[in-house]
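The values are calculated or read from the model by the stated rules, or taken from the named source; none is laboratory data. Everything quoted here is computed from the prediction, not taken from an experiment. Note that each Cβ is placed from the backbone with ideal geometry, even for glycine, and that neighbours are counted across all protein chains shown. When the accessible area is computed, the model is the full protein with side chains, heavy atoms only, and any ligands, DNA or RNA have been set aside. Shrake-Rupley method; radii C 1.70, N 1.55, O 1.52, S 1.80 Å.
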Amino acid sequence: MSEPISRNRPLVTLQIAELPFEDIDPPADARRREDVGRLALLAADTVAVAVALLLVSILTDARFTPWVAALIPLYALLTKMAGLYDRDQFVLIKTTLDEAPALVAVTAIFVLFVEGVRALAFTGRSHPFLMWGLLTCALIIARAAARFLAVRATATERLLVIGDAATTRMLEQKIAAHHGANAKVLGRLATQDDDRDSVLGTVEDLPAVLKEYRPDRAIVAPEQEGNDIADVIRLLTACGVRVSVLPRMLEVIGTSVEFDDLGGRPLLGVRGFGLSPSSRVLKRAFDLVVATSLLVVGSPFLLLLVILVKVSSSGPVIFRQTRIGRDGNEFQMWKFRTMVLDADERKLELLDENEAAPLFKIADDPRATRVGRFLRRNSLDELPQLFNVLRGDMSMVGPRPLIVDEDRLFSGWQRRRYHVSPGITGPWQILGSSRVPVSDMLSLDYLYCANWSLWLDAKILARTVPYVLSTKSGEYASKPR
């Protein structure tokens, strides 16, 4: 590594002039990654608009004129104005669901404009709602596919962590566990006298580290705020390095904050904890609509599963277990039986194989029946919980319902997770419950309650489907019977 600058100089005096001119630019891989990402999204939008217009013409009597070709660059312009081509360069995890509300709004504006020039663009009856729905769905699918391909067609993003060793290890674990993160940690710069294992230097060595290692992104995890950290961020951004900040306070307040301005000084307005009465009504209505729809559509499949469980082994089809629900009240949770009848008696024999203490979870539980393994591997054993949702014991999305013995392990702020009803799925489950520590589960549940919105529930439900269908769905098999 190049010779570091003097450690006696205050960090505030770090100057961009200490780097050669050619270093004050993003690395070539970073530039290519951003260019490919933007072009992929532009191509996805073009395809989505063309497909939506084609479907409208097929499904209705609308006939488009050659002027309709001008609508594609118009949509691209609206999307650019909304910042939807530039967002990916600022974030490490590039997801389409997070930008879906903005896509819905941009699509609505686009459809309104199309209606305004309808006589010029096409003939026949107007179908704005059909066009809006088709275009929104096409955009979400096309953009998700474009991001998937772009991430895998570009080089791995190289990360420099500025923080302590524990934070660096945590980030490495999170990146390794996240299937959508194409990134790796090069090393870290220490902000204080902590464990110096695998450290590239201190923050005073930043210019030399940038020159030698050429990171694409820096993740800043400061122990405290101050001018030094501000200078670090200024230097990083001036040198073309993307910056992500890991503020510790968000572990408590979450991301649902309102930005305020006090004479040029930013303030964060923190939402109160929990759901308001109107939010509870909205969440309950959402649960009833989704659960009822799934039961109606899936009733023949449910009947088939009932038959399979009944003929595969002796015992009842439905397994009932006492769980802790909203406000700490007990309820009977329903699942398809997936184990032999004496499973509870054999639990003590398997304590040494437990993979998620203090909870009890075994990925390949020998007590499971053949049909039970299939149901667990595909999370089909959870389907009877839809009746728990109709009864009001559970929600479609919420914290994981704990058994009584597990519930006794938690106290204080950890019990705030009972402010809402437990869910069939939730933030912990879609991350891979056997891979996420229990301490993280409690934090995720707390933040879910603190930042709840209807869109958050919809996102978690949408992410549950590909998670269950992926190879990681086998982790669901480690849940209690």
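Going from most exposed to least, what order do His127, His179 have by accessible area with a 1.4 Å probe?
His179, His127
Can you pull the one-decimal nm distance between simple spin-label points at Val281 and Val297, each 7 Å off the Cα toward Cβ?
Rounded to a tenth, the inter-label distance reads 2.8 nm.
In Å², what does the accessible area per residue of the range 91-171 work out to with a 1.4 Å probe?
I get 44 Å² per residue for the range 91-171.
If I compute solvent accessible area with a 1.4 Å probe over the protein chains, what percent of it on the range 125-223 is carbon and sulfur?
C and S atoms contribute 58 percent here.
Could you pull the accessible area for Val404 with a 1.4 Å probe, rounded to 10 Å²?
Probe radius 1.4 Å; accessible area of Val404 about 40 Å².
Can you list the residues, at least 5 places off or on another chain, whose amide H is less than 5 Å from the amide H of Ile318, using H built in the peptide plane?
Hits under the 5 Å cutoff: Arg337.
Using the Cβ atoms and a cut-off under 9 Å, what net charge is assigned to the surroundings of Val317, where Lys and Arg are +1 and Asp and Glu are -1?
Neighbourhood net charge equals +2.
Mind ranking 135-146, 84-95 by how tightly packed they are, going by the mean number of other C-beta atoms within 10 angstrom, highest first?
The packing order, highest mean first, is 135-146, 84-95.
Students sometimes get this wrong: rank Trp455, Trp413, Trp428, Trp334 by accessible area, probe 1.4 Å, all chains present, largest first.
Ranked from most to least accessible, the order is Trp413, Trp455, Trp334, Trp428.
Step through the table entries Lys184/Lys335; Lys283/Lys310; Lys174/Lys310; Lys94/Lys211; Lys80/Lys184; Lys335/Lys459, compare each Cα-Cα distance with 32 Å, and write down the pairs that go over it.
Lys184/Lys335; Lys283/Lys310; Lys174/Lys310
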